[in-house]
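Below is one structure, written out as structure tokens, with a few remarks after it.
The values are calculated or read from the model by the stated rules, or taken from the named source; none is laboratory data. Everything numeric in this text was worked out from a predicted model, so none of it was measured. Counting neighbours? That spans all protein chains shown, and the Cβs are built from the backbone with ideal geometry, glycine included. With ligands, DNA and RNA removed, areas are computed over all heavy atoms of the protein, side chains included. Shrake-Rupley method; radii C 1.70, N 1.55, O 1.52, S 1.80 Å.
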Amino acid sequence: SASFDSTGTKVLCTFDQATNGGGSKHCSTYFTSSTDMDKLGSEATCLWTHNTILTIILSSGASLLPGDQVTLSRDLISSQDGASGAGTSTVVTVQAPNVLLPPSLVLGGPNEIGGCDTATVVAEGASGRGIVQKWWSYNNPEVSAFLANETGSIVHIPGNLLIVGSVTVITATATNFLGATSIPASHGILLKLVPPPLVSIQITTPPYYGHSEITAFASAQMSKCAPPGADSQLKFSWVVSAGEHPVQEDAALLVRTGSELYIEPGTLEAGSSYHLRAMVIDGSGSFSRAERTISVSASDLQASLKGGDRKVWRSSADAGLDARSSFDPDASCCMIRPDKLCTDPCLPIPCTARKTDSPIRVSLSAGMQTTISKTQATNSSVRHSRIPGDKESTRCRDLMCTQIPQGKGCTPDLRGQSHCC
């Protein structure tokens, strides 16, 4: 069987038993028809992500749609035990994914304009094939009618359609070729009687993480109705605040001057939203602003495991696995060390508990699998368990570390208990 993944960027070909497949090849190795390669994209890559799953990574120019058929050559594919031998070509119908992942969407553009100006609003973040935008305004019928036939990522809204002193809310959605539609994104535009500079924000492409830097730039275009000398002296400033709404400067997280905003790694907290406001004053004293709300995602734990032997027997000594080099990229405080009561090292635990549980699985060549996860509470664990079907006996060790936050540091309570699987 074959089906798109939830993003529509890959196709998963699943076999009913383990195959001899492995590695990565250009898809023309398995799809020899030029017509099929046109559907997949000329640079499509075929990767064996499991011995039962051949993953097709579609390239630019791909035109494959749910319901399309492609011919898979099995000249190089046989069952893992070799009993089936190489097969003949198979026609596969590509199905739509069971779960659709909607595109993300953010609108950017000036928040304030003059009556003789045009507001250019850009839909950002939506990526993938066949993206179609839908635009409207729920509080300005004239603007909504003007936008009714717009399907692209950029719209230009004349100021004469807006109402002085009133904020017109522009809303858009993005729909991809699989039919998944984004959550509506909105952008407000205020028409001012005194024409202000048209301010826009350009920012680093999401996703955003607390351990990564973020850079934003503010640009200002002078109004067509600006008085002489208005462009002689532009002053830029930034206010960054926690949450989705603007606050006064004295309650803000960051206040900066200049057209560029640089947010250092570790400034923003994972799992939180932040409001960015860029303000500009021109030479005539006219004031304008642009705003953007961003969400900071929690990073996956980085798991690393060292030590142990390739094969472990019941009579063998403890595996002696070392996970001390594992870490949480969003953490910025203590590293836990083992105490006298436990001879095995433990996963470094941050002082601040993560808001979501993101387990990481590490496979070992000795028939062991290790799961390193952080729970929604204040615990992290490293668990080693035997994989069913492995012929050798395996000794396991369960290790639990409990963090106790104390100010900026933390004191761990470390417990270890050894047992056989």
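Remarks
- Leading residue by the ranking (farthest from Phe177 (Cα to Cα)) among those in region 93-114 that are buried (at least 18 other Cβ atoms within 10 Å of the Cβ) and small (Gly, Ala, Ser): Gly114
- Failed condition for Leu54, given (1) among the aliphatic types (A, V, I, L, M); (2) touching a Ser or Thr at 6+ places or on another chain (Cβ under 7 Å); (3) under 16 Å from Ser78 (Cβ atoms): (2)
- Test: Ser288 is under 30 Å from Ser223 (Cα atoms), surrounded by 14 or more Cβ atoms within 10 Å (Cβ to Cβ) and polar (S, T, N, Q): yes
- Against the criterion of being open to solvent by 40 Å² or more (accessible area, probe 1.4 Å) and either assigned to a strand (DSSP E or B) or in contact (Cβ under 8 Å) with a residue 40 or more places away in the chain (or both), Lys39 does not qualify.
- Any chance Arg289 is within 24 Å of the chain's Cα centre (by Cα), under 29 Å from Val169 (Cβ atoms) and part of a strand (DSSP E or B): no
- Residue within region 140-152 that is open to solvent by 20 Å² or more (accessible area, probe 1.4 Å), in contact with a strand residue (DSSP E or B) (Cβ under 9 Å, 6 or more places away or on another chain) and either within 25 Å of His275 (Cα to Cα) or in a strand (DSSP E or B) (or both) present: no
- Strands (runs of 3 or more DSSP E) contained entirely in region 47-112, each with at least 3 residues that are under 30 Å from Ser186 (Cβ atoms): 106-108
- Residue within region 118-138 that is over 24 Å from the mean Cα position of the chain (by Cα), within 30 Å of Ser1 (Cα to Cα) and either surrounded by fewer than 16 Cβ atoms within 10 Å (Cβ to Cβ) or not hydroxyl-bearing (Ser, Thr, Tyr) (or both) present: no
- Of all residues in region 54-92, those satisfying the criterion of being open to solvent by 70 Å² or more (accessible area, probe 1.4 Å) and within 25 Å of Gly179 (Cβ to Cβ) are Ser60, Leu65, Gln69, Val91.
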